[in-house]
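Worksheet: one structure, shown below.
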Amino acid sequence: MSNESANSSGTSAARARGRVVGVPKRCWCGELVVSLISKSAANPYRRYYRCAFAAENRLSNDNHTYQWVDEALVDETEALKFRLGILEQIIVDERAEEEKKKCAEFEMKLETEVFSRMEDAITEPKGRSRK
Ligand SMILES: [Zn+2]
């Protein structure tokens, strides 16, 4: 247990600093965010996003953007899933509304046609007999 917390302490500290949800595009300082590859012993070759200013000046223990790419992508995916769910619901609702409209239109058409045919059926013999 103590070993596990020692391993993740670097990550949680980094997450607390300048943490944003999803893939960061800009640091709060206005600098662009770049993606770099970690050379630390704890996270070798792990990709991370970093404030370009902080990266260039090799800052450490600062509050500029610092976020693991894999974690950012998981966040992004979760956010997209959530938005997708909302969009799906909207589409389902719209389709249901459209279907209802179409059904009503079709019903009207059918009714009109049935009525006109009935009328024809009633009036046709009279019309024929007149001619
Ligand atoms: Zn920054």
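Structure notes:
- Test: Tyr45 is in contact with a Ser or Thr (Cβ under 7 Å, 6 or more places away or on another chain) and in a loop (DSSP other than H, G, I, E, B): yes
- Checking Val23 against (1) modelled with pLDDT under 90; (2) outside any helix (DSSP H, G or I); (3) over 18 Å from the mean Cα position of the chain (by Cα), the condition it does not meet: (3)
- Any hit, the range 68-78, residues being open to solvent by 100 Å² or more (accessible area, probe 1.4 Å) and either more than 18 Å from Gly22 (Cα to Cα) or within 16 Å of the ligand (Cβ to nearest atom) (or both): no
- The single residue among Asp120, Asp70, Asp75, Asp93 that is assigned to a helix (DSSP H, G or I), in contact with a strand residue (DSSP E or B) (Cβ under 8 Å, 6 or more places away or on another chain) and of a type outside the set (A, V, I, L, M) turns out to be Asp70.
- Considering the range 114-125, the residues that are acidic (Asp, Glu) and open to solvent by less than 90 Å² (accessible area, probe 1.4 Å) include one that is modelled with the lowest pLDDT, namely Glu124.
One line per residue, one yes/no per condition, for (1) within 19 Å of Thr77 (Cα to Cα); (2) more than 15 Å from the ligand (Cβ to nearest atom):
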| position | (1), (2) |
| --- | --- |
| Val21 | yes, yes |
| Lys25 | yes, no |
| Glu31 | no, no |
| Lys39 | no, yes |
| Arg46 | yes, yes |
| Tyr49 | yes, no |
| Ser60 | no, no |
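The values are calculated or read from the model by the stated rules, or taken from the named source; none is laboratory data. These numbers were taken from a predicted model, which means no experiment stands behind them. Cβ atoms come from the backbone with ideal geometry, glycine included; neighbour counts cover every protein chain shown. Each accessible area value is taken on the protein alone, full model and side chains, heavy atoms only, with ligands, DNA and RNA left out. Shrake-Rupley method; radii C 1.70, N 1.55, O 1.52, S 1.80 Å.
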